[in-house]
1. Are any of the residues in region B:38-51 more than 8 Å from DNA strand D (Cβ to nearest atom) and among the charged types (D, E, K, R)?
2. Within region B:18-42, can you find the residues that are in contact (Cβ under 8 Å) with a residue 60 or more places away in the chain and either among the hydroxyl-bearing types (Ser, Thr, Tyr) or part of a helix (DSSP H, G or I) (or both)?
3. Across region B:11-64, what is the number of residues that are among the charged types (D, E, K, R), over 21 Å from B:GLU149 (Cβ atoms) and more than 9 Å from DNA strand C (Cβ to nearest atom)?
4. Name the residue, out of B:GLU137, B:GLU149, B:GLU143, that is at the interface with chain A (Cβ under 7 Å from one of its Cβ atoms), surrounded by fewer than 15 Cβ atoms within 10 Å (Cβ to Cβ) and of a type in the set (D, E, K, R).
5. For region A:18-66, which residues satisfy the criterion of being closer than 20 Å to A:SER126 by Cα, within 14 Å of chain B (Cβ to nearest Cβ) and away from ligand 2 (no atom under 16 Å from the Cβ)?
6. Would it be correct to say that A:LEU122 is closer than 27 Å to B:ALA112 by Cα and within 11 Å of chain B (Cβ to nearest Cβ)?
7. Could you tell me whether A:THR68 is in contact with a Gly (Cβ under 7 Å, 6 or more places away or on another chain), surrounded by 14 or more Cβ atoms within 10 Å (Cβ to Cβ) and within 17 Å of A:GLY145 (Cβ to Cβ)?
8. If I filter region B:52-99 down to residues being in a loop (DSSP other than H, G, I, E, B) and among the hydrophobic types (A, V, I, L, M, F, W, C), which single residue comes out as farthest from ligand 1 (Cβ to nearest atom)?
Protein chains: 2
Amino acid sequence: MLLSKSCVYGLRATLYLATKPGGEFTPIKKMSEKLEISFHFLTKILQQLTADGMLESFKGPNGGVRLTKPGSKIKLIDVVLAIDGPKLLTECALGLPGCGLKNPCPLHDKWAETRDSIRDMLQNTSLSDLAEKGEKENLRLTEDGDFEELLRN
Amino acid sequence: MLLSKSCVYGLRATLYLATKPGGEFTPIKKMSEKLEISFHFLTKILQQLTADGMLESFKGPNGGVRLTKPGSKIKLIDVVLAIDGPKLLTECALGLPGCGLKNPCPLHDKWAETRDSIRDMLQNTSLSDLAEKGEKENLRLTEDGDFEELLRN
DNA sequence: CTAATTAGAGACTCTTTTGTCTTAAAATAA
DNA sequence: TTATTTTAAGACAAAAGAGTCTCTAATTAG
Ligand code: FES
Ligand code: FES
């Protein structure tokens, strides 16, 4: 799999937060229900993003989490790096240590090219891009749901 | 990680076999030493490829495994599909079931594009392509080795 | 102040992946 | 035939990933 489950959950969660006005905190409990992700597991993942500075949290009634920057400023790559780390974009496709031009494997050139296209996609796509597209086309962020349902309430 | 460890080992092993003349069997023990992969683990992986029909095996002295087709006819995608299955090329980037045009997620279009470039790379590269490149440029298939060393003996 | 609500932290379990080991079966060589 | 070499098969263990649960700390509402 390209991205870990944690990373995918993190993406869906931050994408959901990107649909919210900046000021308000969204409780993780609500997010976990909307996104159909285990509450405790999602909590752990969002804690990483909070520690990373991408989210800020607030305890108590009316508490929750929110993005620290507008969704247009957060690229998918930021979430991926915060959760899965840089391995996807730095490791040798054949698993050899020290991928790079000094000591390449036979697949290096082709993999470097492919990897660049993955990186470009993640770098050129912001949370807002996806949120807007999702809203405009009423796309899903869960197995059966749609965007309208996600935004309701 | 893009490919599982098993898959990467399978690629390195078949790539090594592609450097051999077609007729002869190479013992897995020797491959495991050349490639610095655990013998028993490599055996299990190559058994999958044998079951899949990509390799044939022969027991006893002078036994081993060999490719059933010339390396120029085996594409990387064949090895990947045999070991990791089609998930990489069919699954939703956000982990939702049933990736496809009928019910896409907001990332679908961009991911489909990126996925195509991964698939194209795997489909357009044969074991021989890599073996020839490796030999010409004396590249490595292990942490510290080089191709010349691989071919010796 | 007290009760309720929320995130934080960490122990714990379950599953999958990765890796090891032992025994059996096939083939050869002497 | 007997010993040796090799793959086949499968049990087993270790590590990593995924998911659950409990308790604590902060904050607010009443
Ligand atoms: S060294 Fe293998 S992909 Fe770079
Ligand atoms: S539905 Fe998500 S990538 Fe296709």
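1. Within region B:38-51 (the criterion being more than 8 Å from DNA strand D (Cβ to nearest atom) and among the charged types (D, E, K, R)), the answer is no, since none of the residues qualifies.
2. Result: B:THR19, B:LYS34, B:LEU35.
3. Summing the residues that are among the charged types (D, E, K, R), over 21 Å from B:GLU149 (Cβ atoms) and more than 9 Å from DNA strand C (Cβ to nearest atom) in region B:11-64 gives 2.
4. So the residue among B:GLU137, B:GLU149, B:GLU143 that is at the interface with chain A (Cβ under 7 Å from one of its Cβ atoms), surrounded by fewer than 15 Cβ atoms within 10 Å (Cβ to Cβ) and of a type in the set (D, E, K, R) is B:GLU143.
5. Once the filter is applied, which keeps residues that are closer than 20 Å to A:SER126 by Cα, within 14 Å of chain B (Cβ to nearest Cβ) and away from ligand 2 (no atom under 16 Å from the Cβ), region A:18-66 yields A:ALA18, A:THR19, A:ILE45.
6. Taking the combined requirement at face value, the residue satisfies it.
7. Judged against the criteria, A:THR68 is not a match.
8. Here the answer is B:LEU96.
Values quoted throughout were computed directly from the atomic coordinates according to the rules given, and no laboratory measurement underlies them. None of the values given here were measured: they were computed from a predicted structure. Cβ sites come from the backbone with ideal geometry, for glycine too, and all protein chains shown count toward neighbours.
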